[in-house]
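The values are calculated or read from the model by the stated rules, or taken from the named source; none is laboratory data. Worth saying up front: this structure is predicted, and the values here are computed from it rather than measured. Here the Cβ positions follow ideal geometry from the backbone for every residue, glycine too, while neighbour counts run over all protein chains shown. For the accessible areas, the whole protein counts, side chains as well, though only heavy atoms, and no ligand, DNA or RNA atoms are used. Shrake-Rupley method; radii C 1.70, N 1.55, O 1.52, S 1.80 Å.
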Amino acid sequence: MALSLEVKKKLPGFTLDVTWEAGDEVVTLFGPSGAGKTLTLQCLAGLIRPDAGRIVVNGTVFFDDARGVDMPTQRRRLGYVFQGYALFPHLSVRDNVAYGLRDLPAAARRQRTQEVLERLGLVDLGARQPRDLSGGQQQRVALGRALAPDPALLLLDEPLSALDLPLRQSLRDDLRRILAEWGTAAVLVTHDFTEAYRLGDRIVVYENGRVIQAAPRAELLWQPASERVAGIVGIRNVLRGTVLKASPDRIQFRWRDQLLEAVNSPTRSYLPPPESPLAFFIRPEYVRLIRKDRGTPDPDHHMNLMRGRVVDEADFGTTWTLYIKLDVAGAPAQGHYDLEIEVPRLVYEILDIAHDRQWQLSIHRGSIHVLPSSPFSPAGERAG
Amino acid sequence: MDLFPLWLSLKVSVTATVLTLATGLPLARLLARRRFPGRDLAETVVVLPLVLPPTVLGYYLLVLISRQGAVGQVLDAAGIELAFTWRAAVLAAWVGSSALFIKAAQAGFESVDGRLEQAARTLGRSEWSVFWSITLPLASRAVMAGTVLAFCRALGDFGITLMVAGSIPGVTQTTPLAIYDLVQSNRMTEANTLSLIAVATVTLLLMGLGRLARLRF
């Protein structure tokens, strides 16, 4: 499967202008509601006609305004799982699944329907009406109906948004397993980053009708292309400092009266001049608390040392989030605190953080992630 | 008692209802799903027969189908006589009752979730197939209600029928016209019987409709 998509579509008050590609994998289109993700899916399926662009799936041109090609939805043969599933309410589960198989001879149609029902564990529900099914069963029927004609590409629009949270998590894993088992390339739309990350091999981040980053999921999490991507994917502690010195493998900078050092990526060749602004982020779970019972910190292991006080905290069950204000003058970087850090519950209890609020922190230089686009240059310039 | 008016009414109403279905279904679907220039005008024209005096409608129809009229000339050339035949009564019943059907069916089609039709298209089905397998079954209650209402209205047409088909006993005199004639000639017992039959027929039909509407499918 190879998919390349370039779509421009103007609607009242909204313009979609996106370009991305995908291989034989699950791609998630991720971004806030109203960013144009569903619209992209509809253009891909031929339910909405783009104003301009080109859509090619497996060498078949679905749409090309320059050559006047606009293949009708019926002939694109894509599986489409709609938000809320859109099961046919007047047909049984079996008839829903068989609906896309009308071109097959009756015997083959029955056989294929049975096979799909078996693979999805729906055999016992074959005679039921969609309204008598639970949310999870409806999802399976919708998947079965879309997968039965063996589409080259499966499109899923917010497949989990209709469900309650606990069910949502178990169905997310269900969906992940089904996608892996059927091995169908898929494009999935979601506004939930955990879902995008769990389900997608590759994530395309949408914002306001544009793609601000398209990358394998790990790259997105560890190397967001800009401050905006970092914000949208929910990265904490996105901060701004001032560059002191940048080399291909290190960047030294000043932040809140601290001298910090971060690893630079030689491949990115990002060398901001001294005194220029620098955006970076620190993952809350990678900030270390220095134990007071272990003597002086070793500079080889404990770099970027800072002192601060726990000014607020939140209990998340298995982890605690601590809000630290550094022992320096001036306004804290994030409202009433400078850094958000996360510690496992066990650590919280052993170190007695509930009563001991003054701490020394260290952050390994590899755990400070420099965001390549400065906050004052347009986002999305990075190639790839 | 002469039962001819009853049989004629039945024949005219059934034929008119078939005609209403054939023309009304595509029109209702069009009005429910498409935006096109002149759509507002089309919607208004569809409703006009409900609000215009039947005599006005009948007058224009007569002008159209008489030998000098635009349609009449074509039919005349083809050797078909329309004015003052039972077919003219069908035309009258059709014009008088179509609007009821089209408005009901249109509302029915509009209530069908458009994503279901899109889902059917993504599964490879043609527009024709989508209509018969998804849209129509899901709007079937509204379509049936419209059909029954249109049939009852066709059964009861008086004014338009009188204008274009006349009230020729044994030829174009439908039940409502016959009742009028009987009352005019003071044959009250027969008028009473025919009226009761008309009321009973329509009551039964509407009760059946009520039962249909409660069905789950």
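Mean per-residue shielding of peptide A:48-59 is 0, counting Cβ atoms of other chains within 10 Å of each Cβ.
If I take R0 = 60 Å and measure r between the Cβ atoms of A:Q358 and B:I80 in this structure, what FRET efficiency does the formula 1/(1 + (r/R0)^6) give, to the nearest 0.05? So, using R0 = 60 Å, E works out to roughly 0.05. Accessible surface for A:E207 stands near 50 Å², nearest 10, in the context of the full protein assembly shown (1.4 Å probe).
Going by accessible surface with a 1.4 Å probe and the largest first, A:Y80, B:Y180 read B:Y180, A:Y80.
Residues whose amide H lies under 5 Å from that of A:R128, counting only those 5 or more places away or on a different chain, are A:V93, A:R94; hydrogens are built 1.01 Å from N in the peptide plane. Here the Karplus relation 6.51 cos²θ - 1.76 cosθ + 1.60, evaluated at θ = phi - 60°, turns the backbone of the stretch A:180-193 into coupling constants of 5, 5, 7, x, 7, 5, 9, 10, 10, 9, 7, 10, 10, 5 Hz, with x for every Gly and Pro. Computed extension length for A:L271-A:T318: 12.9 nm, one decimal, from 0.36 nm per residue of separation with the Cα-Cα distance subtracted. Based on DSSP H segments of at least four residues, each scored -39500 (n - 2.57), the protein assembly as shown has a per-residue ellipticity at 222 nm of -13000 deg cm²/dmol. Comparing Cα centroids, the stretch B:148-217 and the stretch A:3-82 end up 57 angstrom apart.
Shielding value for B:122-132 is 6, the average number of Cβ atoms from other chains within 10 Å of each residue's Cβ. Between A:R75 and A:V328, the contour length at 0.36 nm per residue exceeds the alpha carbon distance by 84.5 nm. Ligands, DNA and RNA aside, B:M188 has an accessible area near 100 Å² when probed at 1.4 Å. Close amide-amide hydrogen proximity is noted between A:L155 and A:G79, A:Y80, A:V81, A:V187, each under 5 Å apart and 5 or more residues distant or on a separate chain (H modeled in the peptide plane; Pro and chain starts excluded). May I ask you to derive the FRET efficiency for A:R294 and A:D150 from their Cβ-Cβ distance with R0 = 51 Å, giving the value to the nearest 0.05? The formula returns an efficiency of 0.25 here.
Of all the C-alpha pairs in the protein assembly as shown, what % are more than 34 Å from each other? More than 34 Å apart: 61 percent of the Cα pairs in the protein assembly as shown.
Under 5 Å from the amide H of A:E207 lie the amide H atoms of A:I212, each residue being 5 or more positions distant or on a separate chain, with H modelled from the backbone and absent for Pro and chain starts.
In order along the stretch A:237-254, phi translates into HN-Hα couplings of 6, 7, 10, 10, x, 10, 5, 9, 7, 10, 10, x, 10, 9, 10, 9, 8, 10 Hz, rounded to whole numbers, per the Karplus curve 6.51 cos²θ - 1.76 cosθ + 1.60 with θ = phi - 60° and x for Gly and Pro. For A:E275, B:E110, the ranking by accessible surface with the largest value first comes to A:E275, B:E110, using a 1.4 Å probe.
Couplings for the stretch B:100-108, taken from phi via the Karplus curve 6.51 cos²θ - 1.76 cosθ + 1.60 with θ = phi - 60°, read 4, 5, 5, 5, 5, 5, 4, 4, x Hz in order; Gly and Pro are left as x. Over the stretch B:4-216, the ratio between the Cα radius of gyration and 2.2 N^0.38 Å evaluates to 1.14.
Using only side-chain charges placed at the Cβ, +1 for Lys and Arg and -1 for Asp and Glu, the dipole size of chain B relative to its Cα centre rounds to 840 debye. Projecting label points 7 angstrom from Cα along Cα→Cβ for B:T189 and A:R67 puts them 8.6 nm apart. Calculated FRET efficiency, B:W132 to A:A108, Cβ-Cβ distance, R0 = 30 Å: about 0.85 to the nearest 0.05. Length available on full extension from A:E219 to A:D51: 0.36 nm per residue minus the Cα-Cα distance, which gives 57.3 nm.
Centroid-to-centroid, using Cα positions, the stretch B:70-109 and the stretch B:14-64 are 10 Å apart. Using the alpha-carbon atoms, what tilt in degrees (0 to 90, nearest 10) does helix A:135-147 show relative to the longest principal axis of chain A? The two axes meet at around 60 degrees. Note on B:F84: accessible area is roughly 100 Å² with a 1.4 Å probe, heavy atoms of protein only. When A:V238, B:V46 are compared by accessible area at a 1.4 angstrom probe, the order from most to least is A:V238, B:V46. Legend: mean number of C-beta atoms from other chains within 10 angstrom of residue C-beta atoms, peptide B:112-119, equals 6.
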